[in-house]
Amino acid sequence: MALKPSMWREDSYANRRMGILLLSLAGLAFTTLDATVKWLVQLQTLPLLELIWLRFFCHALVSGVLLAPHYKLDLLRINNVKLQALRAVLLGLMTSCNFWSIQFLQLTETAAILFSSPLIVAVISHWWLKQPLRGGQWWAIVLGFIGVLIVVRPTSSVIHPAIFLMVLNAFLFSIFTLLTRHLAQNENPAAMQWYSAMGPVLLLAPWVLPNFVMPHNSVEWVLVFATGLWGAVGHYLWARAHQYASSATLAPFGYQQLIYMALWGWLLFGDIPPLAVLVGGSIIVLSGLYLLWEQRRVPIALPPST
């Protein structure tokens, strides 16, 4: 069934609730993906670059099998090739940063830093989309970044470089969020997530395939396939969520992933988050929730469609 040319849904409380529900399910899928990747990385049987490539290859495969029967040729139709290519490159870079960092950091550490991105989104939206920010919102953003500093612990004698890579990842994710929000107005979400997976597959193939290492057993195959499955489900739901509600409305609800990350880390790896992560993460979450409360007080300004 062909989708309407304009994919954006009108602003209403019902659509906001639907967007929040879809984003929540996407967050559960993403955290399960990260936990699966950390498990695979700890096995130390597959090269990291190959693991990244397999994650996207399985993502594209699952997307094609599940979505093609319904969307047919619509799965291949996109309106803005350049921005879709940029989105695919950003996703590949973000995943590479995340996979490398997961080797050395707890899941809650990577999540706490990554979810400073709604604060960055608010600042970029103010400068780029001309969305107004009142004094209280600026204070929330400042406090949120203080929370990031607490998580990063710059005064600590031992700081792993992966911390700074995740800070970079938060900036990339902010740009990715705004780009997804912009494209979701007029693009098929199924096509968006399929092309975003195929981009890294094609870019990384020349470096991965010549020295490809086969997974050693059925457990590894299942885990590798699961990364693609959770990635495909998560990105589809995430793109759909941005058709129902604005980034400013949705972004704070991504913080629930901190809870999922802490749970997976404890259940699978016995990780207990350090006090700095709990304190800094809580400040970040409260700052984001305040931004959400402020957003509800004013009408949502849609980004310009070009």
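The values are calculated or read from the model by the stated rules, or taken from the named source; none is laboratory data. Since the model is a prediction, treat every value here as computed from it, not as a measurement. Every residue, glycine among them, receives a Cβ derived from its backbone with ideal geometry; neighbour counts consider all protein chains shown.
Taking residue 162, is it in contact with a helix residue (DSSP H, G or I) (Cβ under 9 Å, 6 or more places away or on another chain), in contact (Cβ under 8 Å) with a residue 24 or more places away in the chain, among the aliphatic types (A, V, I, L, M) and surrounded by 22 or more Cβ atoms within 10 Å (Cβ to Cβ)? No, not satisfied. If the condition is being part of a helix (DSSP H, G or I) and buried (at least 16 other Cβ atoms within 10 Å of the Cβ), then segment 71-82 contributes 71, 74, 75.
Only one of the listed residues (109, 50) is over 18 Å from the mean Cα position of the chain (by Cα) and not β-branched (Val, Ile, Thr). That residue is 50.
When residue 10 is tested against (1) surrounded by fewer than 16 Cβ atoms within 10 Å (Cβ to Cβ); (2) at pLDDT 90 or above; (3) charged (D, E, K, R), just one condition goes unmet, and that condition is (2).
Does residue 216 satisfy the condition of being within 13 Å of the chain's Cα centre (by Cα) and of a type outside the set (Ser, Thr, Tyr)? Spell out the reasoning first.
Details: within 13 Å of the chain's Cα centre (by Cα): no; of a type outside the set (Ser, Thr, Tyr): yes.
Criteria not met by residue 216.
So that you can scan it fast, the table gives a plain yes or no per residue for (1) part of a loop (DSSP other than H, G, I, E, B); (2) modelled with pLDDT of 85 or more; (3) basic (Lys, Arg):
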position: 226; (1), (2), (3): no, yes, no
position: 240; (1), (2), (3): no, no, yes
position: 256; (1), (2), (3): no, no, no
position: 260; (1), (2), (3): no, yes, no
position: 273; (1), (2), (3): yes, no, no
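Taken over segment 198-222, the residue count meeting the criterion of being within 18 Å of residue 40 (Cα to Cα) and in contact (Cβ under 8 Å) with a residue 60 or more places away in the chain is 6. Give 114, 61 a once-over and let me know the one that is aliphatic (A, V, I, L, M) and at pLDDT 85 or above. None of the other options fit; the residue is 61. Scanning segment 242-254 for residues that are modelled with pLDDT of 80 or more and not in a helix (DSSP H, G or I) yields one hit, 245. Report yes if residue 187 is surrounded by 23 or more Cβ atoms within 10 Å (Cβ to Cβ), in a helix (DSSP H, G or I), touching a residue at least 60 places away in the same chain (Cβ under 8 Å) and among the acidic types (Asp, Glu), otherwise no. No; evaluated as a whole, the condition is false for this residue.
Conditions (1) out of contact with any Cys (no Cβ under 9 Å at 6 or more places or on another chain); (2) within 28 Å of residue 280 (Cβ to Cβ); (3) of a type outside the set (Asp, Glu), marked per residue:
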site: 50; (1), (2), (3): yes, no, no
site: 62; (1), (2), (3): yes, no, yes
site: 83; (1), (2), (3): yes, no, yes
site: 100; (1), (2), (3): yes, yes, yes
site: 110; (1), (2), (3): yes, yes, yes
